[in-house]
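The values are calculated or read from the model by the stated rules, or taken from the named source; none is laboratory data. Everything numeric here is computed off the predicted structure, so don't read it as measured data. Positions of Cβ are generated from backbone atoms using ideal geometry, with glycine treated the same way; all protein chains shown enter the neighbour counts.
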Amino acid sequence: MRMKQLSAAVVMGMVFSGAAATVARAADSFKIDPIHGTVIYRINHLGVANAYGRFDEPTGTVTIDKDDASKSSFNFEVQTTKVDTGNPKRDQHLQSPDFFNAKQFPTITFKSTSVKSSGDNKYEVAGDLTLHGVTKPITVTMEKTGEAQTQMGYRSGWQTEVDLKRSDYGMKGLQGVVGDDVHLIISFEAVKQ
């Protein structure tokens, strides 16, 4: 009788330990909060000074697998009509065919193709950036700036900076008057789903 009880205990232990071994922790999914996110850009004007602008209300999703970064993803989008320089006339010009051509190309998107952990709270994210109808691969370092349960839900914060040439994306209007090199700062909060 004792042997049967011992055997049953061993079998049950094997069943439970095996079941635990096959249970994978699900990745965390987040939705970007468009009210608490922005894209800020810097570009040279007339070879004299830097001009700044922003895109309001970015959208997208973040999926983070803390056990396997390669299963993580970042998808990001802004509307070109959401460009904001603090000057409505200039904003209209930026939406024209001279620059973003917002009617023909209403969105700027980034979709990750691979994600690698690159240290504490940092991920090397390769993906496709589509701007002005042109898609090119870029790699950015996404840094998690914080994560907490808040009165507005469980949130994580993210930021990255990247340099681009607008001519690489067919945006060649007013070259010389407006610089070719663009520096971007992307920062946002995302709400756990």
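For every residue, the table says whether it meets (1) touching a Ser or Thr at 6+ places or on another chain (Cβ under 9 Å); (2) over 24 Å from Val134 (Cα atoms); (3) not aromatic (Phe, Trp, Tyr).
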| residue | (1), (2), (3) |
| --- | --- |
| Ile35 | no, yes, yes |
| Val39 | yes, no, yes |
| Arg42 | no, no, yes |
| Leu46 | no, yes, yes |
| Phe55 | yes, no, no |
| Gly60 | yes, no, yes |
| Lys89 | no, yes, yes |
| Pro106 | yes, no, yes |
| Ser114 | yes, no, yes |
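For the stretch 173-186, the condition holds for no residue, the condition being that it is without any contact (Cβ under 8 Å) to a residue 40 or more places away in the chain, exposed (fewer than 15 other Cβ atoms within 10 Å of the Cβ) and in contact with a strand residue (DSSP E or B) (Cβ under 9 Å, 6 or more places away or on another chain). Scanning the stretch 58-83 for residues that are surrounded by fewer than 16 Cβ atoms within 10 Å (Cβ to Cβ) and of a type in the set (D, E, K, R), which turns out nearest to Gly157 (Cα to Cα)? Only one residue fits best here, namely Lys66. Considering only the stretch 112-127, I want to know if a residue exists there that is more than 17 Å from Ser70 (Cα to Cα) and either in contact with a strand residue (DSSP E or B) (Cβ under 6 Å, 6 or more places away or on another chain) or of a type in the set (A, V, I, L, M) (or both). Within the stretch 112-127 (the criterion being more than 17 Å from Ser70 (Cα to Cα) and either in contact with a strand residue (DSSP E or B) (Cβ under 6 Å, 6 or more places away or on another chain) or of a type in the set (A, V, I, L, M) (or both)), the answer is no, since none of the residues qualifies. Exactly one residue among Gly157, Gly170 is closer than 20 Å to Ser72 by Cβ, touching a strand residue (DSSP E or B) at 6+ places or on another chain (Cβ under 7 Å) and in contact (Cβ under 8 Å) with a residue 12 or more places away in the chain, and that residue is Gly157.
Mind checking whether some residue in the stretch 21-36 is of a type in the set (Asp, Glu), at pLDDT 95 or above, part of a strand (DSSP E or B) and more than 18 Å from the chain's Cα centre (by Cα)? No: the stretch 21-36 contains no residue that is of a type in the set (Asp, Glu), at pLDDT 95 or above, part of a strand (DSSP E or B) and more than 18 Å from the chain's Cα centre (by Cα).
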